[in-house]
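This report refers to the structure that appears directly beneath it.
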């Protein structure tokens, strides 16, 4: 999700190393944050990790309630963080925020301090922290232990049902998970909405994320383009076929947006769109 941040260190990870690496990562985090050990066990892979022979990175999702239930001194203290330190950073972040809600600023402040503590324990961490992401680099493991190679591991913090849907990747041959999710971005953008992997969906030029569950997102698509089921949104091919057959009049505008998104992100255009204007 975070792109190739650790270009000089991280490499792709083979499928047979995914599970041992995730387990080793959880164990390492549990040692850094012993009072959150049980909560951190709820990290789960999303995206294409483990579905392809080789994955570029690992995206680990976790429900925000496992990170923190309320921003009280007692809850923040479970991370080994002083409430005053967190509150000072939260105040600074929110003063600079243009569109972030108080809740988003609070979570970003917490994740920022958490990332610093991870870095203090010999795990490489990027300083680009968001209200739902921490980007780290961790040693790959296989059944026998550390391998000497490294992989980028990204935190995805939010509503777990939303994260499972928004980051879902079937592992389509020749395509990345982003080919599916950016098609969703184009679909929602065409009807005046902004799609966020970890926040949900909101109307453009507004600040409230009014849709935060997959069922409501599917209903919005159905209302504008025609009935769509969860099973029709798992791959780019499914979404493309659904739109083409369900709402041909919206097809070219959406595809135009989609191709522009891929151009900006310097990603390949799926073969089926090669001759689409």
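Tabulated data for the structure shown
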| item | result |
| --- | --- |
| Entirely in the range 1-90, the helices (runs of 4 or more DSSP H) that have 3 or more residues that are surrounded by fewer than 20 Cβ atoms within 10 Å (Cβ to Cβ) and in contact with a strand residue (DSSP E or B) (Cβ under 6 Å, 6 or more places away or on another chain) | none |
| Which listed residue, of 238, 219, 234, is in a loop (DSSP other than H, G, I, E, B) and either within 22 Å of the chain's Cα centre (by Cα) or without any contact (Cβ under 8 Å) to a residue 12 or more places away in the chain (or both) | 234 |
| Some residue of the range 183-191 being over 20 Å from residue 264 (Cβ atoms), out of contact with any strand residue (DSSP E or B) (no Cβ under 9 Å at 6 or more places or on another chain) and surrounded by 19 or more Cβ atoms within 10 Å (Cβ to Cβ) | no |
| Verdict on residue 197 being farther than 18 Å from residue 158 by Cβ, in contact (Cβ under 8 Å) with a residue 60 or more places away in the chain and buried (at least 19 other Cβ atoms within 10 Å of the Cβ) | no |
| Yes/no for residue 154 being modelled with pLDDT of 95 or more, surrounded by 20 or more Cβ atoms within 10 Å (Cβ to Cβ) and in contact with a strand residue (DSSP E or B) (Cβ under 8 Å, 6 or more places away or on another chain) | yes |
| Every residue from the range 124-144 that is closer than 17 Å to residue 19 by Cβ and without any contact (Cβ under 8 Å) to a residue 24 or more places away in the chain | 144 |
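The values are calculated or read from the model by the stated rules, or taken from the named source; none is laboratory data. In this text, all values refer to a predicted model and were calculated from it rather than measured experimentally. Every residue, glycine among them, receives a Cβ derived from its backbone with ideal geometry; neighbour counts consider all protein chains shown.
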